[in-house]
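Single-structure report; data block below.
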Amino acid sequence: MSTKRQTVAVHAGSRLTGSQSLPVVPPIHVSAVSYFEDSDTLDGALDGKDYVYSRISAPNAALLEEAVAALEGAEACVAYASGMAALRAVFEAQGLRAGDTVVMAADGYGVTRSLYKSLAARAGVRLEALLLTDPTTPERLRALQPRLVLAESVTNPLLRVPDLRALSRVCREVGAALAVDATFPSPYGQRACELGADYALQSTTKWLNGHSDALGGTVSGRREKVEPLRAARLFHGDVLGPFEAWLTLRGIRTLPVRMKAHCEHAAHVARRLSESPHVARVHYPGLATHPDHAVARELLEGGFGGMVAFDIQGADRPECFRFLEAVKVARPGPSLGDVGTLVMHAASASARRMTPEERQAAGIGESLIRVSVGLEDPDDIADDLIAAVAEAVTR
Ligand code: PLP
């Protein structure tokens with residue numbers, strides 16, 4: 001190697017030498033480009049047989065994909081820069097044509113609704129939003145004959161739990177692909193593919209990462225379903241960066257212990273909130289009063305999830321905003337899955353981009369607060385929420 005400064009500056013320190021060590025934690029591979037000493041290997045790498053360019057495939061994203069596929073009980077997984085990118089990829093992979101029909105949950109994440117409306121409008125696809133927990137769903141699907149059904153299990157923000165087994169049976173019957181955004185339970189609480197979904201989606205930004213420090217999304221399923229998505233990602237370029245993949249994988253290492261505690265704390269908080277005179281209704285699938293409690297008992301594992309929603313008695317937006325300002329342990333962050341408790345006013349945040357009519361049809365009222373229950377002491381969380389509700393309605 002030359003000792004000239006310009007060459008040294010470019011090449012020195014590129015490779016570790018003389019080490020046999022095996023790191024306990026994978027290194028962060030920031031190199032977007034790799035090279036090979038023989039051209040045949042480079043040629044194969046350009047076909048995806050090795051890592052050569054991180055838009056084709058990249059080591060940290062591949063390790064994350066391996067972990068998420070294993071957690072989902074799926075053959076394969078493909079990772080994206082965000083949950084929204086994953087949702088878009090599934091729509092685009094269906095080869096939909098003008099006149100085809102897509103069905104989606106009417107009571108799911110508002111931004112997903114906006115995304116699918118815009119994708120469907122551009123493709124000339126008919127988009128039907130249904131309450132997939134409604135008993136009329138099978139007959140509606142038979143009448144609509146959709147090519148794709150996008151469910152949310154558990155729904156954001158009302159925590160409805162569709163019967164995925166029944167839904168997948170009717171999807172198979174009508175020839176529709178079933179995609180399930182299972183971000184709320186995470187693969188700890190539900191493995192959507194094992195219940196019949198063709199695609200299990202995660203916004204890894206939430207429980208899988210667990211620490212609110214990286215966006216990301218994944219789609220898992222059978223290899224024949226996932227590989228076309230991987231091929232399309234190469235053109236679209238919406239890949240997950242190495243640092244984000246690394247942080248998400250680190251979060252996954254503690255997913256089961258975190259989720260066990262999140263579920264226990266959420267059940268406790270739901271019970272305590274039910275006792276508050278200022279809370280009109282608590283939405284938690286673990287409560288016997290929840291409309292999908294029986295389905296949740298059957299289809300959710302390890303508890304009923306870390307999310308709770310509730311309606312403040314007689315509240316409108318100003319009272320809810322006062323609640324957000326009154327919490328002291330929880331923080332008013334418009335996300336979920338963090339180690340700390342996050343609270344959100346659903347109508348102005350997760351459902352912000354839905355029309356008032358869409359919110360009404362979904363059952364999302366102005367008094368609805370969503371809570372991502374954290375790992376703080378569960379009584380501290382409950383005391384904080386109950387005191388903040390009282391302050392919001394009596395101030
Ligand atoms: N799916 C659900 C259920 C969500 O709640 C969200 C975000 O809040 C997303 C998808 C989008 O994920 P991301 O923010 O990672 O794009």
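The values are calculated or read from the model by the stated rules, or taken from the named source; none is laboratory data. On a predicted model such as this, the values are computed, not experimentally measured, just so you know. So basically every Cβ, Gly included, is an ideal-geometry build from the backbone, and we count neighbours across all protein chains shown. Side chains included, ligands, DNA and RNA excluded: accessible areas come from the protein's heavy atoms. Shrake-Rupley method; radii C 1.70, N 1.55, O 1.52, S 1.80 Å.
Points worth noting:
- The set of residues in segment 372-389 being surrounded by 17 or more Cβ atoms within 10 Å (Cβ to Cβ) and of a type in the set (A, V, I, L, M) consists of Val373, Leu375, Ile381, Ala382, Leu385, Ile386, Ala388, Val389.
- Verdict on Arg281 being touching a residue at least 24 places away in the same chain (Cβ under 8 Å), more than 21 Å from the chain's Cα centre (by Cα) and in a strand (DSSP E or B): yes
- Taken over segment 232-278, residues that are in a loop (DSSP other than H, G, I, E, B) and of a type in the set (Asp, Glu) amount to 2.
- Gly221 within 14 Å of the ligand (Cβ to nearest atom) and either open to solvent by less than 10 Å² (accessible area, probe 1.4 Å) or free of Cβ contacts under 8 Å to residues at least 24 places away in the same chain (or both): no
- Selection from segment 1-31 of residues that are closer than 28 Å to Leu240 by Cβ and basic (Lys, Arg): Arg15
- Scanning segment 186-213 for residues being in a loop (DSSP other than H, G, I, E, B), within 12 Å of the ligand (Cβ to nearest atom) and open to solvent by 10 Å² or more (accessible area, probe 1.4 Å) gives a total of 3.
- Only residues that are open to solvent by 80 Å² or more (accessible area, probe 1.4 Å) and in contact (Cβ under 8 Å) with a residue 12 or more places away in the chain were counted across segment 317-331, and they come to 3.
- Spans of strands (runs of 3 or more DSSP E) in segment 57-160 with at least 1 residues within 16 Å of the ligand (Cβ to nearest atom) and open to solvent by less than 30 Å² (accessible area, probe 1.4 Å): 76-80, 101-105, 148-152
- Flag if Phe304 is open to solvent by less than 30 Å² (accessible area, probe 1.4 Å) and among the aromatic types (Phe, Trp, Tyr): no
- Extreme residue, most open to solvent (accessible area, probe 1.4 Å), among residues of segment 332-371 that are among the hydroxyl-bearing types (Ser, Thr, Tyr) and without any contact (Cβ under 8 Å) to a residue 40 or more places away in the chain: Thr355
- One residue stands out in segment 342-353 among those that are within 13 Å of the ligand (Cβ to nearest atom) and aliphatic (A, V, I, L, M): the one that is farthest from Leu385 (Cα to Cα), namely Ala351.
- Filtered residues of segment 284-313 (kept if aliphatic (A, V, I, L, M) and in a strand (DSSP E or B)): Met307, Val308, Ala309, Ile312
- Of all the criteria given as (1) without any contact (Cβ under 8 Å) to a residue 12 or more places away in the chain; (2) of a type in the set (Phe, Trp, Tyr); (3) under 23 Å from Leu375 (Cα atoms), the one not satisfied by Phe235 is (3).
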